[in-house]
Structures are given as C-alpha cells and as structure tokens.
Amino acid sequence: MSAIVLDSTLTCPVCGHVKTERMPQDACQWFYECEACHTVLRPKAGDCCVFCSYGTVPCPPVQTQRQAGHCGCAARND
C-alpha cells in the first residue's frame with residue numbers, strides 16, 4: 001500500500017491560475033475560492049470534491065478507497 005498524497009495542484013478553469021494546496025485528510029472539500037479571480041470552484045458532476053475535479057491528485061478519501069480496491073465511487077455525491 002502506498003502513502004496517501006496530501007498535496008494537490010489545483011488549476012482554476014476560469015483564469016488558469018495554478019496553486020498547490022494541502023488537502024484535508026478525512027473529508028472532501030466542496031468549495032475552493034481561486035485567489036486570482038475569486039471564482040468559487042465546486043466539484044464537477046460525479047466528483048466528490050474540488051481536488052477530484054480540478055487537482056492533480058484526488059482527495060485522500062478517494063485515494064484510500066482506490067488502494068482498498070474500490071473505484072472511489074462511494075465517496076462521490078451523485
């Protein structure tokens with residue numbers, strides 16, 4: 001089992017601003033305000049959080065589920 005990655009680089013879909021952020025370990029983050037254009041990002045349909053939608057690494061709960069052999073779908077808010 002590999003270590004959970006806690007840092008993910010978010011890219012704003014509106015202005016393209018890129019920033020690496022530390023993800024919460026035990027929860028999904030539903031909102032994130034871009035510091036450049038102040039757009040409030042929300043998860044795309046089918047994703048559980050902004051890191052799964054706009055980040056380079058999925059959130060820790062999804063990473064944990066994938067390591068356990070699950071697709072991560074249980075963490076989603078369909």
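Against the list (1) in a loop (DSSP other than H, G, I, E, B); (2) modelled with pLDDT of 95 or more, the condition S53 fails is (1). Residues satisfying the criterion are present in segment 43-59 (criterion: surrounded by fewer than 17 Cβ atoms within 10 Å (Cβ to Cβ), over 25 Å from S2 (Cβ atoms) and not polar (S, T, N, Q)). Scanning segment 1-37 for residues that are at pLDDT below 95 and either farther than 14 Å from C49 by Cβ or outside any loop (DSSP other than H, G, I, E, B) (or both) returns M1, S2, A3, I4.
Residue by residue, here is whether (1) free of Cβ contacts under 8 Å to residues at least 24 places away in the same chain; (2) more than 22 Å from Q67 (Cα to Cα); (3) not small (G, A, S) holds:
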residue: D7; (1), (2), (3): no, no, yes
residue: P13; (1), (2), (3): no, yes, yes
residue: E35; (1), (2), (3): yes, yes, yes
residue: D47; (1), (2), (3): no, no, yes
residue: V50; (1), (2), (3): no, no, yes
residue: V57; (1), (2), (3): no, no, yes
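The values are calculated or read from the model by the stated rules, or taken from the named source; none is laboratory data. Small disclaimer: the values here were computed from a predicted structure and weren't measured. Because the Cβ atoms are built from the backbone with ideal geometry, glycine has one as well, and the counts that use them run over all protein chains shown.
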